[in-house]
Amino acid sequence: MNPMKVKYLILLMIVGMSQSLFSQENNKFGLTFEYSPNYSKITDEFVNAKFKLSHNILLRISYKAHEKINPTIGLGFLNPGELFQTEIVGDSEFESLMFIHSNNYMYVPFGVKINLDQFYFLPEIGLGINISNTTKQFIKYSNGDTEIKWRDQSLINGKFNKLSIPISLSVGKDYKFDCILLSAGIKGYYGLNQVVNGVSRDTHYFGIGVMIAIHF
């Protein structure tokens, strides 16, 4: 499944869930839409692997159980991975090759938002399902042309783990503008179980980046 289609599906789910939430009169519940662009990588033995730009989109519901401690549950999309780039030396029609591998997950995170004087901390643990593993290939030719191809990611051995257990920590600050409440901060995450099973390599994903959110 193309990652863009997954993002559109999440947006449709957000609209449906938000309408259901707003129809309730209980103001103890809050709805948050969060986006975190980040750089991710896989822990493995490939020294030439680089960080790739990844995306974390999340719809979160919080319950105001206490002034400073609020439990949360969400529904999100996460696509960690890594990047490989090779320069071709010598006479060839190709100048360089670049492969961007993405492991795409839908997941449900459970967490607790801890409000302090100026900032808040939000540790979360989730359960995810692998929905696709894609490779975006860039072929740069010697004449200056570039060709882009999408394909399913292939493995020499082992198999992709269908389940994922991500943990994350967000540190942010809330900003209020008239009737709009926004948050900004940083977010880091790590996969407790391996991306690929049945190999000798260590294949846990991790990433860190900025985080922005709007509260309803």
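Read the figures in this text as sums done on the coordinates, not as results from a lab. Remember, it's a predicted structure, so these values are computed and weren't measured experimentally. Glycine gets a Cβ as well: all are built from the backbone with ideal geometry, and neighbour counts include every protein chain shown.
For the stretch 130-216, the relative contact order is 25 percent, taking Cα pairs closer than 8 Å that sit 6 or more residues apart in sequence and dividing their mean separation by the residue count. Note on the stretch 86-216: Lys pairs 8 or more places apart or on different chains, Cα atoms under 17 Å apart, count 5.
Rounded, prolate or oblate: which fits the stretch 105-216 when a ≥ b ≥ c are the square roots of the eigenvalues of the alpha-carbon gyration tensor, with rounded for a/c under 1.5 and prolate only if a/b beats b/c? Oblate shape, in that a/c is at least 1.5 and b/c is the bigger or equal ratio. Sites listed here are trypsin sites (Lys or Arg not before Pro) in the stretch 137-216 whose DSSP assignment is loop and whose Cβ has at most 16 other Cβ atoms within 10 Å: Lys162, Arg201.
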